[in-house]
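The structure under discussion appears below in the form of structure tokens.
The values are calculated or read from the model by the stated rules, or taken from the named source; none is laboratory data. The structure presented is a predicted model; accordingly, all values stated were derived computationally and were not measured. Cβ atoms come from the backbone with ideal geometry, glycine included; neighbour counts cover every protein chain shown. When the accessible area is computed, the model is the full protein with side chains, heavy atoms only, and any ligands, DNA or RNA have been set aside. Shrake-Rupley method; radii C 1.70, N 1.55, O 1.52, S 1.80 Å.
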Amino acid sequence: MQPNIKFSSKRLMLSLMLCSCSVILLQNHNVSPKNSFTVNLLCMLGGLAVSAVMFLPSVILKKTRDTDFLTVSAQSTPKLKIPLAAVYALYFVYAAEYFLLPYTDLFCKKYYPEVSPCVIGLCLLGACVYAAYKGANIISRFGLFLFAFALLTNLLMFGGSITSLDFANDSFALKADWDSALSTVIYFCAPSFIAVIYACLAGETKNFTLKQPLFALFFTALKYALVLFFVSFAVGAYAQRQDYQSFILSRVAHFDGFAGIESLFVALATMSVFMIISLFLSCINKSAQQGRLKNSILFAAIIFAVSFIAEWNNSVKEIFINDYIFIIFTAVVAVLIPLAYIFTGRKAK
């Protein structure tokens, strides 16, 4: 391992873009059928605009100082190193649950009902521990393979749904339920979690340009728009009666006698969540700056313990998959805390 060698900023941004795709892959009645396709599309764009704003502090640090928030905070306020590390570790545990719980639920309900969600979560976390131990550089290399796999899966899913398009299934008119529209906007703010990862790992990358986060969010918006379009017009009301609408889209995709690519869809969702949690653990390791394997195992165990409790207590589960809590917490660690360092620039006494 050579953790001090910088790797391509493009590669990290590609990995973050692929991580953000998990939001639409795991969508489960978060996009309201009370709104027309056009309104949901505008809500999606509004949510991603918020995500772009949350990138600004980490982008400013990278562009002006060629570093990341964790490095700046450790240099400026060493006495706050442990409290800040605890806050960010708490965020990454919460965010890991935000993705892990829906993923294991989808896997077991829709694809493999004979197995326990806890077993799936344990296997995934074991792989994440190994990846986090290797570091963000190695994880981002895996992103190149995931990108090619995602392209194949999306081509099959969208191409196989073209013949099912029926524009009577939804509307292009501006028909909206405003409470539902607000909830949809909040849900599509979820990709802002990648700004937190970037705030922690940007200092390990080289050759950054402002175009990179913009392109990442643009292609994320394109992926989301295509999923919304095909779910609305190829699957229609049937999708709204089922859980996990993107999975339903993969199931109805067909080419002549070949029907359903749900296996590829589940594999894509698995690799996306794997990359998210692996990068979360890498960020925790960087904030601790020692004991990479020990920290990875410890926090993976914490994540597993919380997910185990959540599977048995629905009230706990609801807390960890709450969009509003997730976005507020993300705003604090992606924007408010880094901005305090950017604007004050105070040094430790």
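Quick notes on this structure:
- Placing dummy labels 7 Å off each Cα toward the beta-carbon, the span from Gln240 to Leu152 is 3.5 nm.
- Membrane-span-like helices in the chain (whole DSSP H runs, Cα extent of at least 18 Å along the helix axis, mean Kyte-Doolittle hydropathy of at least 0.5): 37-65, 81-106, 117-134, 136-159, 211-230, 262-288, 292-312.
- Debye, to nearest 20: dipole size of segment 211-337, +1 on Lys, Arg Cβ, -1 on Asp, Glu Cβ: 460 debye
- Residues in segment 311-329 that a label on Asp179 would reach, taking backbone N under 17 Å of a point 7 Å out along Cα→Cβ: 323-324
- In Å², nearest 10: area of Lys317 left accessible to a 1.4 Å probe: 30 Å²
- You can think of it this way: the chain between Phe218 and Thr163 has 17.1 nm of extra reach, that is 0.36 nm per residue less the Cα-Cα gap.
- For the chain, the Cys residues with no second cysteine's beta carbon closer than 4.7 Å are Cys19, Cys21, Cys43, Cys108, Cys118, Cys123, Cys128, Cys189.
- Dipole of segment 7-348 [Lys/Arg +1, Asp/Glu -1 at C-beta], most positive-end residue of Leu268, Gly203, Leu14: Gly203
- Listed residue pairs exceeding 19 Å between alpha carbons, taken from Lys6/Lys286; Lys109/Lys223; Lys63/Lys206: Lys109/Lys223
- Taking every protein chain into account, the accessible area of the chain amounts to 44 square angstrom per residue (probe 1.4 Å).
- Kirkwood hydrodynamic radius of segment 19-137, from inverse mean 1/r over distinct Cα pairs, in Å: 17.8 Å
- For Ser250, net neighbour charge (Lys/Arg +1, Asp/Glu -1) across residues whose Cβ lies under 12 Å away: +1
- The chain: proportion of alpha-carbon pairs further apart than 38 angstrom, %: 14 percent
- Accessible-area ranking of Arg292, Arg141, Arg251, largest first, probe 1.4 Å: Arg141, Arg251, Arg292
- Accessible surface of segment 7-348, 1.4 Å probe, proportion on carbon and sulfur as whole %: 69 percent
- Fraction of the pair-distance distribution of segment 116-220 above 19 Å, Cα-Cα pairs, percent: 70 percent
- Stretchable slack from Ile138 to Ile302, in nm (0.36 nm times residue separation minus alpha-carbon distance): 56.7 nm
- In this structure the amide hydrogen of Asp68, modeled in the peptide plane, comes within under 5 Å of the amide hydrogens of Gly203, none closer than 5 places in sequence on its chain.
- Mean separation of Cα contacts under 8 Å, 6 or more apart, over the residue count of segment 137-274: relative contact order %: 41 percent
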